[in-house]
Every structure is written in C-alpha cells, then in structure tokens.
Amino acid sequence: MDDYCLVDCGFHDQLEALATLRQTCQISYRTATGEIVEVQDQIVDVYAANQADFLKLKDGTEIRLDLLVSVNGNPTRFA
C-alpha cells in the first residue's frame, strides 16, 4: 500500500466525536483498487496501527483515514 498521508487534526477530532456519539454516518472512501464506496454505518473506533490511522465501522470494516473521501458530506482534509 502507498505511504500514509496524515489527515488534519481537526478532521481527526471530528471522526473521534462521531465515534463517541455513535451516530450513523454517510461515509465515502476509496478501496485499494481506487473504487469509491459509499456506506452508512457507525464509526466505533478511530485508532493508529502500522504507522497509519484507521477508523472501524460497526459492521467491522476498517478504513485507512487517508482513503476517506468524505464523512457526512465533509471532504477529508489533510495536514
């Protein structure tokens, strides 16, 4: 996988707040092949692993933060 691109701290904080509130979110992200996927699910965790940050959805899907396109219509911001 490509080198990780750090997301903006404010955007990261928003993801953590959504996880705390356990609200269903509209999430768009790119797969490893570049396909854009849109889902509605709850963010249950935001964590760091393998020198990257990830979010975990209620359905078990794990998404590297730099592959996010948008969350609730807010585009991903990078540091």
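Table for the structure above
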read-out: Selection status of Gln26, within 16 Å of Asn74 (Cβ to Cβ) and not in a helix (DSSP H, G or I); value: yes
read-out: The lone exception for Leu55 - which of (1) open to solvent by less than 60 Å² (accessible area, probe 1.4 Å); (2) assigned to a loop (DSSP other than H, G, I, E, B); (3) modelled with pLDDT of 95 or more it fails; value: (2)
read-out: Output for the stretch 36-79, where each listed residue is farther than 13 Å from Tyr4 by Cβ and of a type in the set (Phe, Trp, Tyr); value: Tyr47
read-out: Checking Thr76 against (1) touching an Asp or Glu at 6+ places or on another chain (Cβ under 8 Å); (2) exposed (fewer than 11 other Cβ atoms within 10 Å of the Cβ), the condition it does not meet; value: (2)
read-out: Subset of the stretch 59-73 [open to solvent by less than 30 Å² (accessible area, probe 1.4 Å) and either aliphatic (A, V, I, L, M) or not in a strand (DSSP E or B) (or both)]; value: Ile63, Leu65, Asp66, Leu68, Val71
read-out: Lone qualifier among Ala32, Ala48, Ala17 - being part of a loop (DSSP other than H, G, I, E, B), open to solvent by 40 Å² or more (accessible area, probe 1.4 Å) and of a type in the set (A, V, I, L, M); value: Ala32
read-out: In the stretch 35-45, the residues that are surrounded by 12 or more Cβ atoms within 10 Å (Cβ to Cβ) and of a type outside the set (A, V, I, L, M); value: Asp41, Gln42, Asp45
read-out: In the stretch 1-30, the residues that are hydroxyl-bearing (Ser, Thr, Tyr) and free of Cβ contacts under 8 Å to residues at least 12 places away in the same chain; value: Thr20
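The values are calculated or read from the model by the stated rules, or taken from the named source; none is laboratory data. Every value quoted in this text rests on a predicted model; they were computed, and no experiment measured them. Note that each Cβ is placed from the backbone with ideal geometry, even for glycine, and that neighbours are counted across all protein chains shown. Quick note on the areas: whole protein, heavy atoms, side chains included, nothing else; ligands and nucleic acids left out. Shrake-Rupley method; radii C 1.70, N 1.55, O 1.52, S 1.80 Å.
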